[in-house]
Amino acid sequence: MGTRGQTGTDIVGCSRNFSDVVNRRIVQSEIEGGVHLGDLPEGFALEVETENRSYQLVVHHDGSAEISGHPVFCPCPVKVSIHGSSWGGSMLKVAFIGRGMHLEFHHPEYHTITTSRIVEIRQRAAA
């Protein structure tokens with residue numbers, strides 16, 4: 001049995017308008033877990049570990065965050081706009097940071113940046 005029922009709404013986030021591959025990825029992102037940014041309090045601090053880097057974020061309610069952890073793009077905290085997470089393609093899970101996905105954000109100088117695959121997300125102590 002696939003991820004879609006007759007109405008296309010049996011599993012949260014799935015749609016009969018999406019391919020089976022996309023629906024499986026949506027379900028997998030819910031299983032692997034992640035963070036819906038709108039659920040976090042102002043100033044919440046996260047560590048996002050990717051395959052290549054460890055990023056520190058401080059999340060703001062306006063969709064922005066201060067991010068650091070990359071030697072070129074953000075060696076010191078820089079204010080960015082968090083788009084969300086993708087599976088490496090053009091489909092974006094907006095305002096979500098998910099394990100197994102790639103964080104995407106807009107940098108004021110380097111524009112859109114997509115990280116390597118996220119392997120862990122942790123709350124960190126505020127500075």
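Looking only at region 69-103, how many residues end up being under 18 Å from VAL35 (Cβ atoms), out of contact with any Ser or Thr (no Cβ under 6 Å at 6 or more places or on another chain) and of a type in the set (Gly, Ala, Ser)?
Count: 5.
Can you run down the residue pairs with Cβ atoms below 7 Å, 6 or more apart or on separate chains, where the first is in region 55-66 and under 21 Å from ARG117 (Cα atoms) and the partner is among the aromatic types (Phe, Trp, Tyr) and not in a loop (DSSP other than H, G, I, E, B)?
Final answer for the pair search is none.
Taking the residues in region 85-127 that are among the small types (Gly, Ala, Ser) and free of Cβ contacts under 8 Å to residues at least 24 places away in the same chain as candidates, determine which candidate is surrounded by the fewest Cβ atoms within 10 Å (Cβ to Cβ).
Among them, the one singled out is SER90.
FYI, it's all coordinate maths here, none of it is from the lab. Predicted model, so just to flag it, every value in this text is computed and none were measured. Reconstructed Cβ throughout: ideal geometry from the backbone, glycine too, with neighbour counts over all protein chains shown.
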